[in-house]
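The values are calculated or read from the model by the stated rules, or taken from the named source; none is laboratory data. Note that this is a predicted model, so its numbers are computed, not measured. For neighbour counting, all protein chains shown are included, and Cβ atoms are generated from backbone atoms with ideal geometry for every residue, glycine included.
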Amino acid sequence: MIFSTVIMLATLTAVPSPAPAMESPAAAPQFVRTPNANDILLAYPREAFRDGLNGTVVLDCASGAGGGLTDCRVVSESPAGHRFGLAALRLSTRYRLQSPPPDTAPPTAKRVRFGLSFATSDD
């Protein structure tokens, strides 16, 4: 069977850092760039793609300079043992977070947590 479409969904949730009780929580950061279909296809684990296997991964990353993600770690991967976590780590370099306006103070590094779903479709 040939899979004609590769779909990847991503959601983003900010990971709160310890803060004083009176401080309001920060809004979830927004992606301004995400992997394209070709990036996803190249990262999709070959055996999983061949077998029509779908997977989900949760990554935890630091927000770096220029909106890039650094120090990414796999929090969870399902199903385990099919290299979806490694694929998500490779794709993490393709994400960019929205940068704050230039007239604001430089942001402190924050951790962000987001999920990626890998799915094949033969539509």
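Exactly one residue out of R83, R94 is without any contact (Cβ under 8 Å) to a residue 40 or more places away in the chain and among the charged types (D, E, K, R), and it is R83. When D71, D39, D51 are checked against the criterion of being of a type in the set (D, E) and in contact with a strand residue (DSSP E or B) (Cβ under 6 Å, 6 or more places away or on another chain), a single residue qualifies: D71. Meeting the requirement of 3 or more residues that are surrounded by fewer than 14 Cβ atoms within 10 Å (Cβ to Cβ) and at negative phi, the helices (runs of 4 or more DSSP H) wholly within the stretch 36-101 are 37-43, 46-50. Consider the stretch 70-123 and keep the residues that are modelled with pLDDT under 95 and among the aliphatic types (A, V, I, L, M). The one that is farthest from Q30 (Cα to Cα) is A119.
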